[in-house]
Amino acid sequence: QVQLVESGGGLVQPGGSLRRSCAASGTIFRIWAMGWYRQAPGKQRELVATFTQDGSTNYLDSVKGRFTISRDNAKNMIFLQLTRLKPGNPADYYCDADKVITEPDYNGKDYWGKGMLVTVSS
């Protein structure tokens with residue numbers, strides 16, 4: 001079984017920083033991409049940042065220059081450094097592992113962490 005365990009959510013003042021982490025465990029041969037999504041109340045879940053195995057990264061336009069995603073492929077971990085945070089409604093940030101290969105020639109599945117709340121408020 002594959003499980004994603006997250007840490008690092010919480011309350012931060014505007015302009016402050018948080019660092020999220022996520023570790024995938026289980027019998028894993030390869031994970032094509034890992035990333036972070038967020039969902040505010042009443043809104044659709046949206047991509048924040050992804051990091052593919054070939055080294056490509058992608059960011060939500062509104063977080064470019066402020067958030068940085070990194071990945072440790074050997075440990076099946078990803079991190080998200082959130083800086084210069086802006087005030088707004090709290091949002092749950094979810095870790096995602098895309099196309100997780102658990103056996104040879106398998107197409108792969110998508111797995112999600114439970115999510116952690118990030119609140120930016122003074």
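What follows draws every value from the coordinates through simple rules; no lab data is involved. Worth saying up front: this structure is predicted, and the values here are computed from it rather than measured. Every residue, glycine as well, gets a Cβ built from its backbone with ideal geometry; the counts of neighbours run over all protein chains shown.
Brief remarks on what is shown
- Candidate lysines for bridging to LYS86, where Cα separation is under 19 Å - those fewer than 8 sequence places away on the same chain excluded: LYS43, LYS64
- For segment 1-60, the square roots a ≥ b ≥ c of the C-alpha gyration tensor eigenvalues yield an a/c of 1.5 or more together with a/b exceeding b/c, which makes the shape prolate.
- Neighbour net charge for THR57 - beta-carbon separation under 13 angstrom, K R +1, D E -1: +1
- Partners for LYS109 among aspartates and glutamates (Cα-Cα distance below 15 Å; same-chain residues under 8 apart left out): ASP96, ASP98
- Span from the segment 31-52 Cα centroid across to the segment 75-115 one, whole angstrom: 7 Å
- Relative contact order (percent, whole number), segment 4-122, Cα cutoff 8 Å, 6+ residue spacing: 37 percent
- Selection among TYR111, ILE78, LEU18 by position relative to the dipole of the chain gives LEU18 as farthest towards the positive end (Cβ unit charges, Cα centre).
- If you take all other residues with their beta carbon under 10 Å from the beta carbon of GLN81, and give Lys and Arg +1 and Asp and Glu -1, the sum is +3.
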